[in-house]
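Okay, structure first, notes after.
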Amino acid sequence: MRMVDLIHKKREGGSLTRAEIEYIIQGYTRGEIPDYQMSAFAMTVFFKGMNKQEIADFTNAIVHSGETIDLSPIKGIKVDKHSTGGVGDKVSLIIIPLVAAVGVPVAKMSGRGLGHTGGTIDKLESIEGFRTELSREEFIHNVNTYKMAIAGQSANLTPADKKLYALRDVTDTVDSIPLIASSVMSKKIASGADCIVLDVKVGSGAFMKSLAQAKELAQTMVEIGKSLNRKTIAVITDMSQPLGYEIGNANEVKEAITVLQGKGPEDLTVVALTIASYMTILGEVYKDFDQAYRELERVIKSGQAFAKLKELVQIQGGNPEVIDHPDKLPQAKNHIEVKAWQSGYVESINAEAIGITAMLLGAGRKKKGDLIDHSAGITILKKIGDEVKAGEPICILHTNMEECGEAEQMIKNAFSFSKVKPPQIKYVYEVI
Ligand code: URA
């Protein structure tokens, strides 16, 4: 087989066989297929797509490009969750203790942030001492004993995806449905959970900008799950503006704590409760959505979910006092207000631009391996539909940098105002 012939076949609209797909993934993982051929291949997939069989075979080949994790020593139905990536998305910080509090084992593997989207592992590391590198034994022990553990993905999990994702990032081939679906599902399948709840984001801060695209991505991932024997539910949620009010790391942990105390922002609370409800249904603790949602609300009100977060921090080596006293989390030196330049209503917020601004302030990485500043970030004060007066602050930049004129300008460009109140945004669009 020759890679150039397979690129040609795909370019001309043909379908690849399982053997051909395995040849591509194995060859690329071993370094026998160079980046320039893989880039051309990713671009042909971007334009020509893949059929269902090709997507399933591609996913499976990525799963087997590295180690797979056997979670069978964990008792019960193991449930995992994955977001396709957003801005201010701290849902995982909330659902891990919440779902564990009702007895569903949560074996969570998470990533770091890259580009405009944040990562759960970075957020948790703003808690002093919190360890995200757990041995397989400790991970399994913690899930069996406490019903929860969170770890960064081991270096050898889906190495083909790691290489291909980095290549897609620099060849403008990230937002291809077959490539995102296989990337997300290969990681979830290799990490061994029985059931998966996917949070498919749609809007200005997501890879999928329209509901039609988000639905197609959700359906594609649910079908991959089915074909590889994993019960999968996809929830399409809003990312037309940041989720909640905080974007960064330490400040996102703070906001997640407020949700577990029953006093968090409405959009974040509804999305977290919705995702958690489907996790508990797949985990067979509750039968239907209304029952699950009600019970999980009760678990928050009773303080059990908050106590479970403290327990998570404690067992993974962090300082649990931080959860009672979030002011002990890292704080930036400078807090700069950005003010509205006209009166009216907030009409739109470009969430991707907000994510990029947070990264420029130090909250994210420009490139892999960069150090991040856990105290840096943005607090949004006005969201879509809120009334503002000219001169009123619309957000606060938290930074240790002395000069952030570029960030201030980006924030200004990210907001638009209108004279009339825009329609209310839905938090959850559809469940597939
Ligand atoms: N998240 C992933 O894990 N992979 C993608 O391709 C996009 C978002």
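Throughout, read-outs are computed from the coordinates displayed, never taken from laboratory work. Bear in mind the structure is a predicted one, so any value in this text is a computation, not a measurement. Neighbour counts run over all protein chains shown; Cβ positions are idealised from the backbone, glycine included.
Listed from fewest to most Cβ neighbours within 10 Å, the set C404, C395 follows the order C404, C395. Can you classify the range 3-49 as rounded, prolate or oblate using the Cα gyration tensor, where a ≥ b ≥ c are the square roots of its eigenvalues, rounded means a/c under 1.5, and otherwise it's prolate if a/b beats b/c and oblate if not? Oblate shape, in that a/c is at least 1.5 and b/c is the bigger or equal ratio.
Separation of the range 346-379 and the range 32-68, taken as the distance between their Cα centroids, equals 30 angstrom. Note on the range 184-327: with charges restricted to the Cβ of Lys and Arg (+1) and Asp and Glu (-1), its dipole about the Cα centre is near 440 debye. Normalised by residue count, the range 25-82 yields a Cα convex hull volume of 117 Å³ per residue.
Need one word for the range 221-358: rounded, prolate or oblate. Basis is the Cα gyration tensor (sqrt eigenvalues a ≥ b ≥ c); a/c below 1.5 gives rounded, then a/b vs b/c decides. It comes out oblate by the Cα gyration axes. Pairs exceeding a 18 Å alpha-carbon distance, out of K108/K308; K48/K188; K187/K310; K389/K419; K188/K226; K108/K254: K48/K188; K187/K310; K108/K254.
Please order H335, H398 by the number of other Cβ within 10 Å, starting at the fewest. Before the final figure, lay out the partial values.
Values: H335 11, H398 26.
Ascending number of Cβ neighbours within 10 Å: H335, H398.
Across the chain, Cα pairs under 8 Å and at least six residues apart give a relative contact order of 19 percent. Once divided by 2.2 N^0.38 Å, the Cα radius of gyration of the chain becomes 0.97. Taking springs between alpha-carbon atoms closer than 10 angstrom, which of K226, K147, K308 fluctuates most in the Gaussian network model of the chain? It is K226.
Each Lys and Arg Cβ is given +1 and each Asp and Glu Cβ -1; about its Cα centre, the chain then shows a dipole of about 600 debye.
Counting other Cβ atoms within 10 Å as a rough exposure proxy, the listed residues L134, L98 run L134, L98 from fewest neighbours to most.
Semi-axes of the range 330-418's equivalent ellipsoid from the Cα gyration tensor, sqrt of 5 times each eigenvalue, largest first, rounded to whole Å?
Numbers: eigenvalues 119, 35, 19 Å².
They are 24, 13, 10 Å, listed largest first.
What you get for the range 330-418, charging only the Cβ of Lys and Arg (+1) and of Asp and Glu (-1), is a dipole of about 220 debye around the Cα centre.
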